[in-house]
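Bear in mind these aren't lab numbers, they're just calculated from the coordinates by the rules spelled out. Computed from a predicted structure; not experimentally measured. FYI the Cβ positions are ideal-geometry reconstructions off the backbone, even for glycines, and counts take in every protein chain you see.
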Amino acid sequence: MYDCEQDRYTDFATTPGYRHHPPCTLRGELHAIHHGNTDSARQQTALLAWASERGLNASLQQGTLLLQDVDMDQALQINRLFGKQLIISCHLRQHPPARVH
C-alpha cells in the first residue's frame, strides 16, 4: 500500500480467513438496434454474422438484435466495430455477485 504523506510503500494485513477468489468475468445481454436506414440494417446483419462466428446466442425481433452471454471484451469490440451505425445497449453482471463485507 502506498502512503502518500510519507512517500513510501507499507505492508498491510488482511483479516484471517480471507480467501482470494479468481476474478469473475462480467457477462450479460447486448441489444443492437438499427436506425431504420438500409446501411444500419446491413450492419445489424453483419453483427449477427460476427456473433454467429463466435458461437454467441443471437435472436432478431422487431429490429432489435439480442446477443446473450456476451462478455466485457466482446461488448467493447462490438461497440468499436458497430457503434457508429447501431444503437448498442449492454447490461453486464458478475456471477456470482460481488460481496461487500
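Values for this structure:
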| quantity | calculated |
| --- | --- |
| Amide H contacts of Cys90 (H built 1.01 Å from N, under 5 Å, at least 5 apart or other chain) | His31 |
| Global geometry of the stretch 48-93, whether rounded, prolate or oblate, following the gyration tensor of its Cα atoms and the 1.5 cut on a/c | rounded |
| Given charges at Cβ of Lys, Arg, Asp, Glu: the stretch 20-85 dipole, positive-most of Asn79, Leu60, Leu30 | Asn79 |
| Within the stretch 42-57, backbone nitrogen closer than 13 Å to the virtual label 7 Å beyond the Cα of Asp69 toward Cβ | 52, 54-57 |
